[in-house]
Amino acid sequence: MVDYNFSWDQLGDINEGRPNLGNQTTVAVYRLMQYTMRAVLEKEFGDEKTKELLAQAGRLAGKAFCENMMDITLPLNKFIAQLHDALIDLSIGIMKVEKSDVNNMSFVITISEDLDCSGLPLKGVTVCDYDEGFMEGIFQTYTGKTFDVKEIDCWTTGERTCRFSINQRK
């Protein structure tokens, strides 16, 4: 029987498995996987269910990323700085905090040069559903609380940065 539960070790030993090609690929290859997967999901399940599934996958990835790549013992400001650096180091995007209300655990962040959408054609709708889940998983894992994350601006809506509203669920 195949175990479909995700664990970090499923990423494998990249250094052993790719001694010549290493840990890098292109954004086009990443997007090829993401947008063909999205097309298949939309055909099978429709747009709303696809958005839900991509966000769910993003939450799982954000949780695993936070548990395995981040120091969750840091105070919030240092954790945010570490997250900023990690997203740049991994070429995911350039994160900036536009608004922060720590008492209510409410934030507005931007991700410029976003891996998922920067440079895509205008669609009039946001497309970073996976990113919504990814940020939600990170914030939930760090705080132990539940959050709602919503992309409010995207490259595909005519902005030149993705903007996310992150709010602790009451």
Extending each Cα 7 Å along its Cβ direction at SER7 and LYS170, get the distance between those two points in nm, one decimal.
4.1
Using a simple charge model, +1 on the beta-carbon of Lys and Arg, -1 on the beta-carbon of Asp and Glu, nothing else, what dipole does region 51-170 show about its Cα centre, in debye to the nearest 20?
340
With the convex hull built on the alpha-carbon atoms of region 35-170, volume per residue in Å³ sits at 107
Of all stretches in the chain that avoid chymotrypsin sites (Phe, Trp or Tyr not before Pro) placed in a DSSP loop and having at most 14 other Cβ atoms within 10 Å, the longest is 7-170
Net charge of Cβ neighbours under 14 Å - reference ASN23; Lys, Arg +1; Asp, Glu -1:
-2
Could you calculate the contour length gain from ARG160 to ASP101, that is, 0.36 nm times the residue separation minus the distance between their Cα atoms, to one decimal place in nm?
18.8 nm
First compute the accessible area of region 57-146 with a 1.4 Å probe, then give the percent of it belonging to carbon and sulfur atoms.
54
Using the membrane-span-like helix rule (whole DSSP H runs, Cα extent along the own axis of at least 27 Å, mean Kyte-Doolittle hydropathy at least -1.0), which helices of the chain qualify?
47-69
For region 42-104 the GluC sites (Glu not before Pro) that pass both the DSSP coil test and the at-most-16 other-Cβ-within-10 Å test are none
Accessible area in square angstrom per residue, the chain, 1.4 angstrom probe:
61
Taking region 1-51, which trypsin sites (Lys or Arg not before Pro) meet the DSSP loop condition and have no more than 11 other C-beta atoms within 10 Å?
none
R0 = 22 Å: FRET efficiency of GLU67 with GLN24, Cβ-based, nearest 0.05?
0.40
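The values are calculated or read from the model by the stated rules, or taken from the named source; none is laboratory data. Please read all numbers here as calculations on a predicted model, not as lab measurements. Cβ coordinates were reconstructed from backbone atoms using ideal geometry, including for glycine residues, and neighbour counts include every protein chain displayed. When the accessible area is computed, the model is the full protein with side chains, heavy atoms only, and any ligands, DNA or RNA have been set aside. Shrake-Rupley method; radii C 1.70, N 1.55, O 1.52, S 1.80 Å.
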